[in-house]
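The values are calculated or read from the model by the stated rules, or taken from the named source; none is laboratory data. Since the structure is predicted, the reported quantities are computational estimates derived from the model, not experimental observations. Cβ placement follows ideal geometry from the backbone for every residue including glycine, while neighbour counts extend to all protein chains displayed. Protein only, heavy atoms only, side chains kept; ligands, DNA and RNA dropped before computing areas. Shrake-Rupley method; radii C 1.70, N 1.55, O 1.52, S 1.80 Å.
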Amino acid sequence: MKSNSGFYIGRIKQVNTRLLNKFLAQKNITAFNGEQGRILHVLWENDGISNRELSKKSGLAMSSLTTMLERMEEKNLLIRKFCPSDKRKSLIFLTDYAKSLKNEYDEISDKMTEISFEGISNEERLAFEATLEKILHNFERAEQKFNKK
């Protein structure tokens with residue numbers, strides 16, 4: 001059976017990112033873009049984590065993450081400090097400036113969620129999110145198997 005779900009997921013991500021960036025610009029938030037917002041979102045919940053943990057929680061590859069973190073550090077959104085117990089590892093912390101942007105970002109996020117689920121019942125939303133979680137798990141499991149080869 002042919003499926004267009006991958007196509008739709010890709011398109012949703014593209015349109016979502018463009019719309020998110022427009023909402024950020026509308027609020028005069030220029031320090032970060034939608035993609036970097038994923039990093040901030042993780043750090044707002046888990047401040048002071050390692051690059052590896054941030055990569056896992058955000059879903060971003062280490063190579064992409066490194067470049068994005070450098071840009072975000074230049075914009076005064078985060079700082080990196082050496083881990084006290086392992087000097088080879090650095091931990092990523094939000095600046096006060098980044099913390100001050102959380103409420104505005106949450107408002108935008110709520111608006112994006114409202115747009116996403118317009119005309120969709122709560123039951124449909126819960127079923128959809130459960131299905132997405134299963135799909136994500138399937139892809140992560142396949143990726144792990146592929147990486148072991």
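Restricting the stretch 108-127 to residues that are open to solvent by 70 Å² or more (accessible area, probe 1.4 Å) and either β-branched (Val, Ile, Thr) or at pLDDT below 95 (or both) leaves a set whose member that is farthest from Leu40 (Cα to Cα) is Ile120.
Total residues in the stretch 49-105 satisfying the condition of being part of a helix (DSSP H, G or I), open to solvent by less than 50 Å² (accessible area, probe 1.4 Å) and either free of Cβ contacts under 8 Å to residues at least 12 places away in the same chain or more than 14 Å from Ala31 (Cα to Cα) (or both): the figure is 5.
Once the stretch 24-44 is narrowed to residues that are in contact with a helix residue (DSSP H, G or I) (Cβ under 8 Å, 6 or more places away or on another chain), open to solvent by 30 Å² or more (accessible area, probe 1.4 Å) and part of a helix (DSSP H, G or I), the residue that is nearest to Ile135 (Cα to Cα) is Arg38. Cβ-Cβ distances below 9 Å connect the following pairs, each with a first residue in the stretch 123-149 that is closer than 15 Å to Gly6 by Cα, a second residue that is part of a helix (DSSP H, G or I), and a separation of six or more residues or different chains: Leu132/Ile9; Ile135/Ser5; Ile135/Ile9.
With the structure loaded, tell me whether Leu78 is aliphatic (A, V, I, L, M) and out of contact with any Cys (no Cβ under 6 Å at 6 or more places or on another chain) or whether it fails that test. In short, yes.
Can you confirm whether Glu118 is charged (D, E, K, R) and in contact with a helix residue (DSSP H, G or I) (Cβ under 9 Å, 6 or more places away or on another chain)? Criteria not met by Glu118.
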